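Working notes, beginning with the structure itself.
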Amino acid sequence: MTSVAPVILLAAEKESAEVTDWAARVGWVVGLGLFVALVYWLMREGWKWRGTLQSDLPDLPTAPDTPGRARLTMSGRYHGSTTAGQWLDRIVAHGLGTRSRIELTLTDAGLDVVRPGAADFFVPVAVLREARLDKGIAGKVLTEGGLLVVTWAHGDKLIDSGFRSDHAAEHSEWVDTLNDMINNKTETEGAR
């Protein structure tokens, strides 16, 4: 017959390990915090470097004193600007990379972009190239046709700027009106 007493005695002699090793835990938390800070700093430096690379971009135009009557207005969000045709190549120079709320106004003179908390800019009708509905820009992806993208020339660069209205049903009217203005401008220039 086997004796159960030695097995019970061995089990009773084992002690539980210490539940918390505070030094190791604090070390891990500090290490993780430093890692997160390093990643954040590298991202910030990358953003600043991109701005330095794009420093050849001229200053943004401002709205004229008398822009004319407002054809369309829209409230919504500005999702950023990219190099035309390259929806992930964000432009950050002059604050174009800053997402913000917008008040967008289309006048006979051009497109007035008012951004509370960020730099406003104006796109004259002479530099407008195209308006279309799209689904993504600068890392922001929405449903098909959920984004109004306006292509315009600035300096020697073509830029796509993405806007989303608070009322997405307005986008089609904006595309039609902008493209009509662009086509009328082209026909007028061709007639000269």
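The values are calculated or read from the model by the stated rules, or taken from the named source; none is laboratory data. Keep in mind that what you see is a predicted model, and the values were worked out from it rather than measured. Surface areas here come from the heavy atoms of the whole protein model, side chains and all, with no ligands, DNA or RNA. Shrake-Rupley method; radii C 1.70, N 1.55, O 1.52, S 1.80 Å.
If a/c stays under 1.5 just call it rounded; otherwise compare a/b with b/c (prolate if a/b is bigger, oblate if not). Do that for region 86-136, with a ≥ b ≥ c from the square roots of the Cα gyration tensor eigenvalues.
On the way: a/c = 1.65, a/b = 1.12, b/c = 1.47.
The shape class here is oblate.
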Heavy-atom surface of region 110-192, accessible at 1.4 Å and reported per residue (Å²): 47 Å²
Please list log₁₀ I(q)/I(0) at q = 0.15, 0.22 Å⁻¹ for region 94-180, using the Debye equation with identical point scatterers on the alpha-carbon positions. -0.53, -1.23
Considering only protein heavy atoms and a 1.4 Å probe, what is the carbon-and-sulfur percentage of the accessible area of region 33-181? 56 percent
Expressed per residue, the solvent accessible area of region 26-83 in Å² (1.4 Å probe) is about 73 Å²
If each DSSP helix of 4+ residues adds -39,500 (n - 2.57) and the sum is divided by the residues in the chain, what number results at 222 nm, nearest 500 deg cm²/dmol? -11000 deg cm²/dmol
With Cα extents along the principal axes in Å as the read-out, I listed [x] 62, 46, 24; [y] 40, 40, 31; [z] 113, 36, 27; which label goes with the value calculated from this structure? [z]
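Determine the gain in length on full extension of the stretch Arg50-Glu173; use 0.36 nm per residue of separation and subtract their C-alpha separation, reporting nm with one decimal. Provide the component values of the computation, followed by the final result.
Numbers: separation 123, 0.36 × 123 = 44.28 nm, distance 3.43 nm.
This chain segment gains 40.8 nm when fully extended.
Within the set Lys157/Lys185; Lys48/Lys157; Lys135/Lys185, which residue pairs have Cα atoms separated by over 23 Å?
Lys135/Lys185
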Expressed in angstrom and ordered largest first, the alpha-carbon extents of region 16-122 along the principal axes are 80, 30, 26
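Please state the relative contact order of the chain as a whole percent: Cα pairs under 8 Å, 6+ residues apart? Could the numbers behind the result be given before it?
Details: 297 pairs, mean separation 34.8, N = 192.
Value for the chain: 18 percent.
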